[in-house]
Amino acid sequence: MNTADIKKAVSILRSGGLVAFPTETVYGLGADARNEAAVRKIFRAKERPYDHPLIVHMADLSQLNEWACEVPKQAIHLAETFWPGPLTIVLKKQTHVLQVVTGGQDSVGVRIPRHPIAQALLQAFGSGVAAPSANKFTHISPTNAAAVREELGSSVDLVLDGGDCAVGLESTIIDMRRDEPVILRPGMITAEMLSTALGKQVILARQDTPAPRTPGMHHLHYAPTTATRLMAKYELPDYLQALNKEAFPIAVVTHSQIDLPPSVHRVMLSNEARQYAHDLYHTLRSLDHQGFKGILIEEVPNTPEWEAIRDRLKKASGSR
Ligand code: TXA
Ligand code: MG
């Protein structure tokens, strides 16, 4: 990435435009977090309801107090441990933070991303960039520049191309406003890692009591448009054998060795969580283009390092 691109991006942000940029998790659709008209453009481009708050991205910790107040020591400790990185911390907002950024709530989600292009952009801009994932509401988050263009087309003024996102899933979101930290959205920084850092148990928000403002609670969040279903490994072969012709062509995403009928299009992902996460959205997006009648996904292990992946798979295969 050359400095001319960063300069251009900064000037677009300063004049109230939208810039899509890579982060290590997924691509973000950024606007000047202090410019209400600019932030509104994000919601229009994504067709996203206004009560879904945006994450404010910044370059370094010295900017934190511009956006958040009453920051607990423990939150600072997490910031020092995991930033820059794939963690979003929810804190009490400063009074001036725009309602349109926080969805009308009195909290704000903040993150310092690690990707060098995000860093360069945020350093050069010098203030907060409000940015959700750069996809249409309920679609899969983009993990490369082509996916951003496919999602948002001409509604974004500039796409900074930083190649493939290293993590591939959205950041972990932790609410640090109370003594009991709560994970609002699991990510590749796991509950275990957060608990270890804090020296106390961090719990996951209950996912069975949908509140409109909890991340990704919308039942079609992170979903491909092709009907997608999760299935246990042992069920897959029989299920596929029993399907009638109308169900084909069908794609199956696995991560373990299973004998499947040759009539299915099989995609084998890694049996290692980090690599699986890295490849998942790209795989689903590409399968979505190939005209399958359905996508079947092998269930993933019920262990902590797969938690975020399980969460996204559940949502990708949500009721429809
Ligand atoms: O990895 C990521 O987090 C990416 C990159 C671009 O940073 N961003 C992202 O943003 O995934 P988005 O808007 O697609 O998802 C952020 C989620 C939203 O579902 C929103 O509800 C939640 O964060 N969120 C933001 N601010 C919040 C707040 N103050 N309280 C609770 N949830 C909040
Ligand atoms: Mg999103």
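Report whether or not Ile173 is more than 15 Å from Asp32 (Cα to Cα) and assigned to a strand (DSSP E or B).
So Ile173 passes the test.
Given the structure, is Glu150 in contact with a Lys or Arg (Cβ under 9 Å, 6 or more places away or on another chain) and either within 16 Å of ligand 2 (Cβ to nearest atom) or not assigned by TED's automatic domain parsing to the domain that holds Arg44 (or both)? Give the steps one after another, and end with the answer.
Numbers: in contact with a Lys or Arg (Cβ under 9 Å, 6 or more places away or on another chain): yes; either within 16 Å of ligand 2 (Cβ to nearest atom) or not assigned by TED's automatic domain parsing to the domain that holds Arg44 (or both): yes.
Yes; evaluated as a whole, the condition is true for this residue.
Note on the range 27-114: enclosed strands (runs of 3 or more DSSP E) holding 2 or more residues that are open to solvent by less than 30 Å² (accessible area, probe 1.4 Å), more than 14 Å from Ser127 (Cα to Cα) and among the aliphatic types (A, V, I, L, M) are 87-93. The set of residues in the range 83-111 that are under 19 Å from Pro22 (Cβ atoms) and more than 15 Å from the chain's Cα centre (by Cα) comprises Trp83, Pro84. Is there a residue being part of a strand (DSSP E or B) and more than 10 Å from ligand 1 (Cβ to nearest atom) anywhere in the range 158-167? Scanning the range 158-167, I find at least one residue that is part of a strand (DSSP E or B) and more than 10 Å from ligand 1 (Cβ to nearest atom), so the answer is yes. A count restricted to the range 128-159 and to residues that are within 19 Å of Thr88 (Cα to Cα) and either out of contact with any Asp or Glu (no Cβ under 9 Å at 6 or more places or on another chain) or surrounded by fewer than 17 Cβ atoms within 10 Å (Cβ to Cβ) (or both) stands at 2.
For the range 45-100, the tally of residues that are farther than 28 Å from Pro116 by Cβ and aromatic (Phe, Trp, Tyr) stands at 1. Do the conditions hold for Gly162, that is, is it within 19 Å of Ser15 (Cβ to Cβ) and either buried (at least 17 other Cβ atoms within 10 Å of the Cβ) or free of Cβ contacts under 8 Å to residues at least 40 places away in the same chain (or both)? Against the criterion (within 19 Å of Ser15 (Cβ to Cβ) and either buried (at least 17 other Cβ atoms within 10 Å of the Cβ) or free of Cβ contacts under 8 Å to residues at least 40 places away in the same chain (or both)), Gly162 does not qualify.
The values are calculated or read from the model by the stated rules, or taken from the named source; none is laboratory data. Computed from a prediction, not measured in an experiment: that's the story for all the values here. Methodologically, a virtual Cβ is constructed for each residue, glycine included, from the backbone with ideal geometry; neighbour enumeration extends over all protein chains shown. Ligands, DNA and RNA are stripped out before the accessible areas are found, and what is left, the full protein with its side chains, is counted by its heavy atoms. Shrake-Rupley method; radii C 1.70, N 1.55, O 1.52, S 1.80 Å.
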